[in-house]
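Since the structure comes first, as structure tokens, the remarks are kept for the end.
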Amino acid sequence: MKIGLRIPGAGAQMPFDSFCGWCVDNGFEAVDVGTVTPQIAKTANDAGLVIGSADIQGVGDLLSVDRSKQKKGAEAAKASIQAAADNGVYIMFCVLVPEDGSLGRVQNFEIWKAVFPPIVEFAESKGVTIALEGWPGPPPHYPTLGCTPEMLRLMYTECPSPSLALNYDPSHMIRMGVDYLRLLNEFAAYVRHAHGKDTVFDPEAYYLHGNLGPTFYEPQTFGEDWWRYCIPGEGLTDWPKVIKRLEDEGFDGIISVELEDIRYYNDWEAQADGLRRSRDHLAQFMR
């Protein structure tokens with residue numbers, strides 16, 4: 001098992017080779033990227049990093065009611081999968097956010113059933129795995145498909161390919177009220193990638209406005225005030241149990257720190273601090 005990271009905002013402003021050098025100097029072994037090119041792959045590999053995942057493209061168009069957009073989205077998704085495979089990257093990160101969340105999950109799931117299994121089949125033919133993250137999506141609809149155990153069960157019934165897998169991120173489960181350890185126990189065999197991110201609740205904010213969110217001001221970034229994302233070690237996830245369960249399942253992949261913590265996001269210095277603290281916390285539980 002390795003500790004990697006997704007590139008945070010300020011890190012993305014740095015030259016990629018400089019950022020890769022910082023990663024290695026600070027004990028990270030992998031980096032997640034948006035798209036893969038030969039130059040990106042070479043730069044990461046020359047620095048001594050593994051590319052943990054690349055982002056699948058075209059999902060919004062693919063999950064549209066518009067057939068022409070579906071075709072465009074399918075082409076973009078397949079092209080990104082091909083580019084990853086051509087450059088030795090075999091895990092695609094995917095969040096299934098439909099184009100129109102107001103249609104509701106049921107109608108958007110029907111679209112998914114029609115358009116996504118062929119993408120998974122293409123990925124399987126290239127030896128690539130698509131790892132779904134359970135971010136529920138933006139309010140008011142929280143439309144993301146595959147963000148709950150209820151929907152994951154049905155997805156794996158409809159599309160039982162080994163190339164349809166999970167990115168396990170306990171922070172999303174916690175904020176939704178889903179038992180993150182039970183979900184891991186049920187779906188551990190599907191996990192091919194994980195995020196090192198956590199969630200914390202604010203009792204005072206929860207008292208003031210419950211889970212409706214504040215009325216008279218905007219909540220801080222990366223949360224709704226009654227909850228917010230935070231770095232591992234400052235939230236509710238029992239990381240020793242999570243890491244042990246992954247090890248017991250034979251997971252030998254990457255836990256990638258996804259820095260979405262307002263306390264460590266003001267500038268690069270703050271982000272670097274948050275990344276290092278996250279790595280240090282996770283590393284102490286790995287064998």
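The values are calculated or read from the model by the stated rules, or taken from the named source; none is laboratory data. Computed from a predicted structure; not experimentally measured. Backbone-built Cβ (ideal geometry, glycine too); neighbour counts: all protein chains shown. Side chains included, ligands, DNA and RNA excluded: accessible areas come from the protein's heavy atoms. Shrake-Rupley method; radii C 1.70, N 1.55, O 1.52, S 1.80 Å.
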task = May I ask you to list the residues in the stretch 174-201 that are more than 22 Å from Arg279 (Cβ to Cβ), touching a Lys or Arg at 6+ places or on another chain (Cβ under 9 Å) and open to solvent by 10 Å² or more (accessible area, probe 1.4 Å)?
result = Arg175, Leu181, Asn185, Glu186, Phe201
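Would you point out the residue of the stretch 150-163, among those that are open to solvent by 30 Å² or more (accessible area, probe 1.4 Å) and not basic (Lys, Arg), that is farthest from Lys241 (Cα to Cα)? Give the steps one after another, and end with the answer.
Our first condition is that a residue be open to solvent by 30 Å² or more (accessible area, probe 1.4 Å); within the stretch 150-163, this holds for 150, 153-154, 157-158, 160, 162.
Subset that is not basic (Lys, Arg): 150, 154, 157-158, 160, 162.
Numbers: Glu150: 23, Leu154: 27, Thr157: 28, Glu158: 30, Pro160: 28, Pro162: 25 Å.
Here the answer is Glu158.
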query = In the list Tyr217, Tyr207, Tyr229, which residue meets the criterion of being of a type in the set (Phe, Trp, Tyr) and open to solvent by less than 50 Å² (accessible area, probe 1.4 Å)?
reply = Tyr229
request  = Evaluate the following for Leu166: is it among the hydrophobic types (A, V, I, L, M, F, W, C), open to solvent by less than 20 Å² (accessible area, probe 1.4 Å) and within 26 Å of Cys230 (Cβ to Cβ)?
outcome  = yes
query = So which residues in the stretch 234-287 are closer than 21 Å to His172 by Cβ and aliphatic (A, V, I, L, M), if there are any at all?
reply = Leu236, Val242, Ile243, Leu246, Ile254, Ile255, Val257, Leu259, Ile262, Leu275, Leu282
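Has the stretch 246-256 got at least one residue that is under 22 Å from Ala270 (Cα atoms) and under 20 Å from the mean Cα position of the chain (by Cα)?
First pass over the stretch 246-256, keeping only residues under 22 Å from Ala270 (Cα atoms): 255-256.
In the following step, the residues that additionally are under 20 Å from the mean Cα position of the chain (by Cα) were identified as 255-256.
Yes - at least one qualifying residue is present in the stretch 246-256.
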query = Restricted to the stretch 184-206, and to residues that are free of Cβ contacts under 8 Å to residues at least 40 places away in the same chain and not in a strand (DSSP E or B), which residue is farthest from the chain's Cα centre (by Cα)?
reply = Glu204
ask   = Can you name the condition, by its number, that Val24 falls short on among (1) of a type outside the set (Gly, Ala, Ser); (2) part of a helix (DSSP H, G or I); (3) within 24 Å of Glu124 (Cα to Cα)?
value = (3)
